[in-house]
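Accompanying notes for the structure given below.
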Amino acid sequence: MPSPVGRIPPTGRWSGPCRIGRVQEHVGAFASATGRDLEEGGAGQPRYRRYQHELIAPHCGRSVLEVGAGLGEFAVQFENLDRLVVTDVDPGAVEVLRQRFADRPEVEARQLALGDDLSLDRPVESVVAINVLEHIDDDAGALRSLAGLLAPGGSIVLWVPGYQQLYGEFDRRVGHVRRYTPATVAAAVVRAGLQVEVAKPVNLLGGIAWWAAVRRGGSTSPNPRLVGIYDRFVVPVTRAVERRIPVPFGQSVLCVARTPAEAC
(Lines give C-alpha, C1' and ligand atoms only; values in the text may rest on other atoms or scores of the structure.)
Protein backbone atom coordinates (compact mmCIF):
# COMPACT_ATOMS: atom_id res chain seq x y z
CA MET A 1 0.00 0.00 0.00
CA PRO A 2 1.48 3.39 -0.90
CA SER A 3 2.17 5.79 1.91
CA PRO A 4 -0.50 8.45 2.54
CA VAL A 5 1.82 11.16 1.25
CA GLY A 6 2.14 9.29 -2.02
CA ARG A 7 -1.62 9.50 -2.50
CA ILE A 8 -1.57 13.25 -3.09
CA PRO A 9 -1.60 14.06 -6.80
CA PRO A 10 1.40 15.99 -8.15
CA THR A 11 -0.64 18.92 -9.48
CA GLY A 12 0.08 22.61 -9.40
CA ARG A 13 -2.06 23.05 -6.30
CA TRP A 14 0.62 21.30 -4.26
CA SER A 15 3.69 23.12 -5.63
CA GLY A 16 6.11 24.95 -3.39
CA PRO A 17 8.16 23.61 -0.46
CA CYS A 18 6.08 25.32 2.22
CA ARG A 19 2.79 23.94 0.89
CA ILE A 20 4.28 20.45 0.48
CA GLY A 21 5.60 20.52 4.02
CA ARG A 22 2.22 21.50 5.45
CA VAL A 23 0.41 18.84 3.47
CA GLN A 24 2.84 16.13 4.57
CA GLU A 25 2.40 17.19 8.18
CA HIS A 26 -1.39 16.98 7.92
CA VAL A 27 -1.28 13.65 6.09
CA GLY A 28 1.06 12.21 8.70
CA ALA A 29 -1.32 13.30 11.45
CA PHE A 30 -4.21 11.72 9.57
CA ALA A 31 -2.44 8.37 9.26
CA SER A 32 -1.24 8.44 12.86
CA ALA A 33 -4.66 9.30 14.26
CA THR A 34 -6.74 6.88 12.25
CA GLY A 35 -4.53 4.03 11.10
CA ARG A 36 -6.26 4.30 7.74
CA ASP A 37 -2.96 4.02 5.88
CA LEU A 38 -3.69 0.28 6.25
CA GLU A 39 -7.04 0.52 4.48
CA GLU A 40 -7.66 0.66 0.73
CA GLY A 41 -5.28 2.86 -1.18
CA GLY A 42 -6.26 5.82 -3.35
CA ALA A 43 -3.85 7.04 -5.99
CA GLY A 44 -2.25 3.59 -5.92
CA GLN A 45 -5.52 2.02 -7.08
CA PRO A 46 -6.93 4.30 -9.82
CA ARG A 47 -8.84 1.54 -11.59
CA TYR A 48 -10.46 0.40 -8.35
CA ARG A 49 -11.56 3.96 -7.57
CA ARG A 50 -13.07 4.30 -11.05
CA TYR A 51 -14.84 0.98 -10.53
CA GLN A 52 -16.33 2.24 -7.25
CA HIS A 53 -17.38 5.50 -8.85
CA GLU A 54 -19.03 3.66 -11.75
CA LEU A 55 -21.23 1.78 -9.28
CA ILE A 56 -21.90 4.61 -6.82
CA ALA A 57 -22.38 7.74 -8.94
CA PRO A 58 -25.61 6.65 -10.71
CA HIS A 59 -27.36 6.62 -7.32
CA CYS A 60 -26.29 10.16 -6.42
CA GLY A 61 -28.10 13.42 -6.98
CA ARG A 62 -26.77 16.87 -7.83
CA SER A 63 -25.63 17.57 -4.26
CA VAL A 64 -23.50 15.00 -2.43
CA LEU A 65 -21.92 14.68 0.99
CA GLU A 66 -19.17 12.10 1.47
CA VAL A 67 -18.64 10.85 5.02
CA GLY A 68 -15.11 9.69 5.82
CA ALA A 69 -13.69 11.18 2.63
CA GLY A 70 -10.11 10.77 3.90
CA LEU A 71 -7.81 12.62 1.52
CA GLY A 72 -10.39 12.90 -1.25
CA GLU A 73 -9.23 10.08 -3.53
CA PHE A 74 -12.79 9.03 -4.30
CA ALA A 75 -14.49 12.41 -4.08
CA VAL A 76 -12.20 14.01 -6.65
CA GLN A 77 -13.92 11.90 -9.30
CA PHE A 78 -17.23 13.76 -8.83
CA GLU A 79 -17.62 16.44 -11.48
CA ASN A 80 -20.42 18.78 -12.57
CA LEU A 81 -22.25 18.67 -9.25
CA ASP A 82 -24.07 21.65 -7.83
CA ARG A 83 -22.55 20.97 -4.41
CA LEU A 84 -20.04 18.52 -2.94
CA VAL A 85 -19.39 18.38 0.81
CA VAL A 86 -16.33 16.33 1.78
CA THR A 87 -15.98 15.43 5.43
CA ASP A 88 -13.76 13.48 7.76
CA VAL A 89 -13.41 12.96 11.49
CA ASP A 90 -9.69 13.80 11.38
CA PRO A 91 -8.79 17.53 11.24
CA GLY A 92 -5.55 16.83 9.37
CA ALA A 93 -7.47 15.10 6.61
CA VAL A 94 -9.95 17.99 6.46
CA GLU A 95 -7.10 20.44 5.95
CA VAL A 96 -5.78 18.32 3.09
CA LEU A 97 -9.28 18.25 1.59
CA ARG A 98 -9.51 22.05 1.77
CA GLN A 99 -6.24 22.40 -0.09
CA ARG A 100 -6.99 19.69 -2.60
CA PHE A 101 -10.32 21.23 -3.62
CA ALA A 102 -9.30 24.86 -3.23
CA ASP A 103 -9.95 25.64 -6.92
CA ARG A 104 -13.43 24.06 -6.98
CA PRO A 105 -16.03 26.52 -5.64
CA GLU A 106 -18.77 23.89 -5.43
CA VAL A 107 -16.76 21.88 -2.87
CA GLU A 108 -16.69 22.51 0.87
CA ALA A 109 -14.61 20.56 3.39
CA ARG A 110 -15.59 20.18 7.01
CA GLN A 111 -14.98 18.01 10.03
CA LEU A 112 -17.77 15.57 10.84
CA ALA A 113 -17.99 12.63 13.21
CA LEU A 114 -20.86 10.17 13.24
CA GLY A 115 -22.30 10.11 16.73
CA ASP A 116 -22.20 13.91 17.04
CA ASP A 117 -25.23 16.04 16.30
CA LEU A 118 -25.07 16.30 12.52
CA SER A 119 -26.34 19.35 10.70
CA LEU A 120 -25.95 21.19 7.41
CA ASP A 121 -27.09 24.66 6.43
CA ARG A 122 -29.21 22.99 3.74
CA PRO A 123 -29.86 19.33 2.96
CA VAL A 124 -28.12 17.33 0.24
CA GLU A 125 -29.64 14.86 -2.18
CA SER A 126 -27.16 12.06 -1.46
CA VAL A 127 -24.75 10.85 1.21
CA VAL A 128 -21.88 8.53 0.28
CA ALA A 129 -20.13 6.43 2.94
CA ILE A 130 -17.32 4.16 1.73
CA ASN A 131 -15.92 1.76 4.34
CA VAL A 132 -17.43 3.70 7.23
CA LEU A 133 -20.47 1.89 8.61
CA GLU A 134 -18.52 -1.23 9.63
CA HIS A 135 -16.61 0.84 12.21
CA ILE A 136 -19.77 1.84 14.10
CA ASP A 137 -21.48 -0.25 16.80
CA ASP A 138 -24.89 1.34 16.28
CA ASP A 139 -25.03 1.23 12.52
CA ALA A 140 -28.79 1.85 12.32
CA GLY A 141 -28.43 4.91 14.55
CA ALA A 142 -25.67 6.24 12.31
CA LEU A 143 -27.91 5.79 9.27
CA ARG A 144 -30.74 7.67 10.98
CA SER A 145 -28.34 10.55 11.67
CA LEU A 146 -27.22 10.63 8.05
CA ALA A 147 -30.82 10.54 6.86
CA GLY A 148 -31.36 13.80 8.74
CA LEU A 149 -28.96 15.51 6.33
CA LEU A 150 -30.97 14.48 3.26
CA ALA A 151 -33.72 16.11 1.27
CA PRO A 152 -36.93 14.04 1.03
CA GLY A 153 -36.38 11.10 -1.29
CA GLY A 154 -32.61 11.40 -0.93
CA SER A 155 -30.18 8.49 -1.03
CA ILE A 156 -27.51 7.05 1.25
CA VAL A 157 -25.02 5.04 -0.80
CA LEU A 158 -23.01 2.58 1.27
CA TRP A 159 -19.92 0.60 0.33
CA VAL A 160 -19.06 -1.80 3.14
CA PRO A 161 -16.75 -4.84 3.59
CA GLY A 162 -18.53 -8.03 2.65
CA TYR A 163 -19.07 -11.35 4.42
CA GLN A 164 -18.03 -12.31 7.92
CA GLN A 165 -16.22 -15.35 6.48
CA LEU A 166 -13.59 -12.86 5.26
CA TYR A 167 -13.13 -11.24 8.67
CA GLY A 168 -9.52 -11.56 9.80
CA GLU A 169 -6.72 -9.89 11.70
CA PHE A 170 -6.63 -7.03 9.21
CA ASP A 171 -10.25 -6.18 10.06
CA ARG A 172 -9.45 -6.19 13.77
CA ARG A 173 -6.44 -3.91 13.26
CA VAL A 174 -8.43 -1.26 11.42
CA GLY A 175 -11.38 -1.37 13.81
CA HIS A 176 -14.02 -3.20 11.82
CA VAL A 177 -16.91 -4.17 14.11
CA ARG A 178 -18.34 -6.44 11.42
CA ARG A 179 -18.47 -7.29 7.74
CA TYR A 180 -21.83 -7.33 5.97
CA THR A 181 -23.94 -9.42 3.66
CA PRO A 182 -26.64 -7.81 1.51
CA ALA A 183 -29.19 -9.09 4.04
CA THR A 184 -27.46 -7.68 7.13
CA VAL A 185 -26.81 -4.22 5.66
CA ALA A 186 -30.40 -4.14 4.39
CA ALA A 187 -31.59 -5.01 7.91
CA ALA A 188 -29.66 -2.04 9.33
CA VAL A 189 -31.27 0.22 6.73
CA VAL A 190 -34.75 -1.01 7.65
CA ARG A 191 -34.06 -0.53 11.39
CA ALA A 192 -33.13 3.04 10.57
CA GLY A 193 -36.56 3.57 9.01
CA LEU A 194 -35.24 3.81 5.46
CA GLN A 195 -36.12 2.02 2.25
CA VAL A 196 -33.72 -0.46 0.65
CA GLU A 197 -33.27 0.25 -3.05
CA VAL A 198 -30.13 -1.84 -3.76
CA ALA A 199 -28.22 -4.39 -1.68
CA LYS A 200 -25.79 -6.59 -3.58
CA PRO A 201 -22.29 -8.06 -3.39
CA VAL A 202 -19.58 -6.51 -5.54
CA ASN A 203 -15.98 -7.35 -6.39
CA LEU A 204 -16.19 -11.14 -6.65
CA LEU A 205 -12.55 -11.61 -7.66
CA GLY A 206 -11.42 -9.29 -4.90
CA GLY A 207 -13.35 -11.41 -2.41
CA ILE A 208 -11.59 -14.55 -3.58
CA ALA A 209 -8.20 -12.82 -3.40
CA TRP A 210 -9.03 -11.43 0.07
CA TRP A 211 -9.99 -14.89 1.34
CA ALA A 212 -6.71 -16.33 0.03
CA ALA A 213 -4.53 -13.54 1.44
CA VAL A 214 -6.23 -12.76 4.75
CA ARG A 215 -8.15 -15.84 5.83
CA ARG A 216 -5.87 -18.52 4.42
CA GLY A 217 -2.62 -16.59 4.20
CA GLY A 218 -2.96 -14.69 7.48
CA SER A 219 -1.99 -11.33 5.98
CA THR A 220 -2.40 -8.39 8.36
CA SER A 221 -1.58 -5.55 5.95
CA PRO A 222 -1.76 -5.02 2.19
CA ASN A 223 1.26 -5.89 0.06
CA PRO A 224 1.98 -2.85 -2.18
CA ARG A 225 3.22 -4.97 -5.08
CA LEU A 226 0.18 -7.24 -5.00
CA VAL A 227 -2.18 -4.28 -4.63
CA GLY A 228 -0.68 -2.77 -7.78
CA ILE A 229 -1.00 -6.03 -9.70
CA TYR A 230 -4.59 -6.43 -8.53
CA ASP A 231 -5.49 -2.91 -9.62
CA ARG A 232 -3.87 -3.26 -13.02
CA PHE A 233 -5.02 -6.72 -14.03
CA VAL A 234 -7.86 -7.97 -11.82
CA VAL A 235 -10.06 -4.89 -11.48
CA PRO A 236 -10.70 -4.57 -15.26
CA VAL A 237 -11.79 -8.22 -15.37
CA THR A 238 -14.02 -7.70 -12.33
CA ARG A 239 -15.70 -4.70 -13.95
CA ALA A 240 -16.26 -6.59 -17.19
CA VAL A 241 -17.77 -9.62 -15.44
CA GLU A 242 -20.07 -7.65 -13.15
CA ARG A 243 -21.44 -5.53 -15.99
CA ARG A 244 -22.80 -8.73 -17.51
CA ILE A 245 -23.88 -10.98 -14.65
CA PRO A 246 -24.87 -10.61 -10.99
CA VAL A 247 -22.35 -12.19 -8.63
CA PRO A 248 -23.23 -14.27 -5.54
CA PHE A 249 -20.37 -13.07 -3.32
CA GLY A 250 -17.84 -10.28 -3.13
CA GLN A 251 -15.22 -8.46 -1.12
CA SER A 252 -17.70 -5.63 -0.57
CA VAL A 253 -21.42 -4.95 -0.50
CA LEU A 254 -23.08 -2.01 -2.24
CA CYS A 255 -26.27 -0.75 -0.62
CA VAL A 256 -28.49 2.17 -1.56
CA ALA A 257 -30.95 3.38 1.05
CA ARG A 258 -33.56 6.03 0.38
CA THR A 259 -35.54 8.35 2.59
CA PRO A 260 -39.27 8.58 2.02
CA ALA A 261 -40.38 11.22 -0.46
CA GLU A 262 -42.57 14.06 0.75
CA ALA A 263 -46.26 13.24 0.79
CA CYS A 264 -48.26 14.86 -2.01
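The values are calculated or read from the model by the stated rules, or taken from the named source; none is laboratory data. Everything quoted here is computed from the prediction, not taken from an experiment. Ideal geometry is used to build each Cβ from the backbone, glycine not excepted, and the neighbour counts take in all protein chains shown. Accessible surface areas use protein heavy atoms only, side chains included; no ligands, DNA or RNA. Shrake-Rupley method; radii C 1.70, N 1.55, O 1.52, S 1.80 Å.
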Under the rule of at least 5 residues apart or a separate chain, name every residue whose amide H is placed under 5 Å from the amide H of Asn131. Trp159, Val160
Tell me whether region 44-87 comes out rounded, prolate or oblate; compute the Cα gyration tensor, take square roots of the eigenvalues as a ≥ b ≥ c, and use a/c under 1.5 as the rounded threshold. oblate
Accessible-area composition of region 80-135, carbon plus sulfur, in percent [1.4 Å probe]: 42
Less than 12 Å Cβ to Cβ from Glu125, Lys/Arg counted +1 and Asp/Glu -1: what total charge do the surrounding residues give? +3
Using 0.36 nm times the number of residues separating Arg122 and Gln77, minus their current alpha carbon distance, what extension gain do you get? 13.9 nm
Using 7 Å Cα-to-Cβ label points, what is the Arg98/Arg50 separation (nm, one decimal)? 3.3
Roughly how many nanometres apart are two label points built 7 Å out from the Cα toward the Cβ at Arg243 and Ala183? 3.2
In what order, largest first, do Arg258, Arg225, Arg100 sit by accessible area if the probe radius is 1.4 Å? Arg225, Arg258, Arg100
Can you tell me the accessible area per residue over region 126-171, all protein chains present, probe 1.4 angstrom, in square angstrom? 26
Within region 68-169, which GluC sites (Glu not before Pro) sit in a loop by DSSP and count at most 12 neighbouring Cβ atoms inside 10 Å? Glu79
